[in-house]
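To keep things clear, I will list the structure first and then write my remarks on it.
The values are calculated or read from the model by the stated rules, or taken from the named source; none is laboratory data. Fair warning: this is a prediction, and the values are worked out from it, not measured in the lab. Counting neighbours? That spans all protein chains shown, and the Cβs are built from the backbone with ideal geometry, glycine included.
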Amino acid sequence: GEIPPTIWSNHLELIDLSSNDLSGPIPPTIRHSVSLQKLLLEGNRFSGLVPTEISDLPLLNEIRCGDNNFEGQLPDLSRLHNLRVLSFFSNDLTGTLPSISKNYVRAIDLSKNKLVGVVGTKLNDMPELMDLKLQNNFFSDDLNDQVDLSSNLNLEVLHLNDNKFRGDSFPAWIAPLINLNEFYVFGNGGLEGAIPDTVCDLVDFVKSLDTLAVDCNNVQCTCCTHCCTALGVCQVEHPEENSY
């Protein structure tokens, strides 16, 4: 079934309909829910465009709409100044990365969609960002000239694999990210060069980076300890430190 449009009252603070078999669009009457803080719709069959009215909910801090059938361009989210979690993984979203308020965002997961274009500067200067997953899209930045996430010093998880990212050298802006423990960048055929020593220092000396996965054939990695030849992926392993 669908969400009845009358559910969106101005007193509604949380809606959790996760892991059901609900379908249909999010109705534009969501604009009435000006007190809404959490929109939790993961694991359903919701479809259609994400309504632009979602941008008019000033208290919204958590959007979890992954594993649905939403399509089209995400609306501008730059006015959601309290946003902490944005998750639309495994949908059919197209278009470019939307503008996102940078104040408090801790987690962004837009993986497994059909997003295109460049990331550019839309995701830098996010002081609280810890988890960024953009894998399995069609982003095409030059990771050296167009992207610089070095200001996101709390970043722990960065998944950029299986896109169209490119560059004739490995992005050196990774080096200041001393809290980074997962960096996936394999599956980007246009990314070449050697991983600089400053990045390998995160493995050998800082010991924060537990998983660094790159393409064996295109990127030279002196600190990668294991090569999965079937996948063509080299990665760092710290088996004595990992518990999984």
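Go through the range 95-111 and give me each residue that's surrounded by 15 or more Cβ atoms within 10 Å (Cβ to Cβ) and polar (S, T, N, Q).
Passing the criteria: Thr96, Ser101, Ser111.
Output the residues belonging to the range 44-67 that are farther than 24 Å from Met130 by Cα and within 18 Å of the chain's Cα centre (by Cα).
Val50
Pull out all pairs, ordered by first then second residue, where Cβ-Cβ is under 9 Å, the residues are six or more apart or on different chains, the first lies in the range 1-30 and is more than 17 Å from Ser55 (Cα to Cα), and the second is among the hydroxyl-bearing types (Ser, Thr, Tyr) and assigned to a loop (DSSP other than H, G, I, E, B).
Here the result reads Ile7/Ser33; His11/Ser33; His11/Ser35, each pair linking the range 1-30 to a residue that is among the hydroxyl-bearing types (Ser, Thr, Tyr) and assigned to a loop (DSSP other than H, G, I, E, B).
In the range 73-123, which residue that is more than 14 Å from the chain's Cα centre (by Cα) and of a type in the set (Asp, Glu) is farthest from Ser18 (Cα to Cα)?
Asp76
Scan the range 27-38 and give yes if some residue there is surrounded by 19 or more Cβ atoms within 10 Å (Cβ to Cβ), under 18 Å from Asp67 (Cβ atoms) and at pLDDT 95 or above, otherwise no.
Checked the range 27-38: no residue is surrounded by 19 or more Cβ atoms within 10 Å (Cβ to Cβ), under 18 Å from Asp67 (Cβ atoms) and at pLDDT 95 or above.
For Ile54, are the conditions met, namely being under 23 Å from Ile26 (Cβ atoms) and in a strand (DSSP E or B)? Let's see the steps before the verdict.
Numbers: under 23 Å from Ile26 (Cβ atoms): yes; in a strand (DSSP E or B): no.
For Ile54, the condition - under 23 Å from Ile26 (Cβ atoms) and in a strand (DSSP E or B) - is not met.
Quick check on the range 80-88. Is at least one of its residues among the hydroxyl-bearing types (Ser, Thr, Tyr) and part of a loop (DSSP other than H, G, I, E, B)? Please lay out each step first, then the result.
In the first step, residues of the range 80-88 are kept if they are among the hydroxyl-bearing types (Ser, Thr, Tyr); the result is 87.
With part of a loop (DSSP other than H, G, I, E, B) added as a condition, the list becomes none.
Checked against the condition, which is being among the hydroxyl-bearing types (Ser, Thr, Tyr) and part of a loop (DSSP other than H, G, I, E, B), the range 80-88 yields no hits at all.
Give all pairs with beta carbons closer than 7 Å in which a residue from the range 158-169 that is hydrophobic (A, V, I, L, M, F, W, C) meets a residue that is part of a strand (DSSP E or B); count only pairs at least 6 apart in sequence or on separate chains.
Going by the 7 Å Cβ cut-off, the qualifying pairs are Leu158/Leu132; Leu158/Glu182; Leu158/Phe183; Leu160/Tyr184; Phe165/Phe139; Phe165/Gly190; Phe165/Leu191.
Identify all residues within the range 103-112 that are at pLDDT 95 or above and assigned to a loop (DSSP other than H, G, I, E, B); write none if there are none. Spell out the reasoning first.
Here is the first cut: in the range 103-112, the ones at pLDDT 95 or above are 104-112.
Scanning the range 103-112 gives Tyr104, Val105, Arg106, Leu110, Ser111, Lys112.
Just need a number here: residues in the range 22-43 that are within 25 Å of the chain's Cα centre (by Cα) and part of a helix (DSSP H, G or I).
Count: 1.
Every residue in the range 201-244 that is in a strand (DSSP E or B), modelled with pLDDT of 70 or more and more than 25 Å from the chain's Cα centre (by Cα), please.
The one that is in a strand (DSSP E or B), modelled with pLDDT of 70 or more and more than 25 Å from the chain's Cα centre (by Cα): Gln220.
Among the residues of the range 142-179, how many are in a loop (DSSP other than H, G, I, E, B) and within 20 Å of Gln220 (Cβ to Cβ)? Step through it out loud before you land on a result.
Taking the range 142-179 as the starting set, the residues that turn out to be in a loop (DSSP other than H, G, I, E, B) are 143-156, 160-165, 168-171, 175-179.
When the remaining residues are screened for being within 20 Å of Gln220 (Cβ to Cβ), the result is 143-144, 160-161, 165, 168-171, 175.
The total comes to 10.
Quick check on this structure: which one of Leu60, Leu97 is at pLDDT 95 or above, out of contact with any strand residue (DSSP E or B) (no Cβ under 6 Å at 6 or more places or on another chain), closer than 17 Å to Trp8 by Cβ and not in a strand (DSSP E or B)? Please lay out each step first, then the result.
Values: Leu97 fails: closer than 17 Å to Trp8 by Cβ.
Criteria check complete, one pass: Leu60.
For the range 187-200, what are the residues that are on the phi > 0 side of the Ramachandran plot and either outside any strand (DSSP E or B) or crowded, with 19+ Cβ neighbours inside 10 Å (or both)? Steps first, please.
Taking the range 187-200 and keeping what is on the phi > 0 side of the Ramachandran plot, we get 187, 193.
Hit for the range 187-200 is Gly187, nothing else.
Can you name the number of the only condition in (1) surrounded by fewer than 15 Cβ atoms within 10 Å (Cβ to Cβ); (2) β-branched (Val, Ile, Thr); (3) modelled with pLDDT of 95 or more that Ile54 fails?
(1)
If we keep just the residues of the range 171-185 that are out of contact with any helix residue (DSSP H, G or I) (no Cβ under 6 Å at 6 or more places or on another chain) and surrounded by 22 or more Cβ atoms within 10 Å (Cβ to Cβ), which is nearest to Phe139 (Cα to Cα)?
Val185
Just need a number here: residues in the range 84-94 that are over 19 Å from Leu40 (Cβ atoms) and surrounded by 15 or more Cβ atoms within 10 Å (Cβ to Cβ).
1
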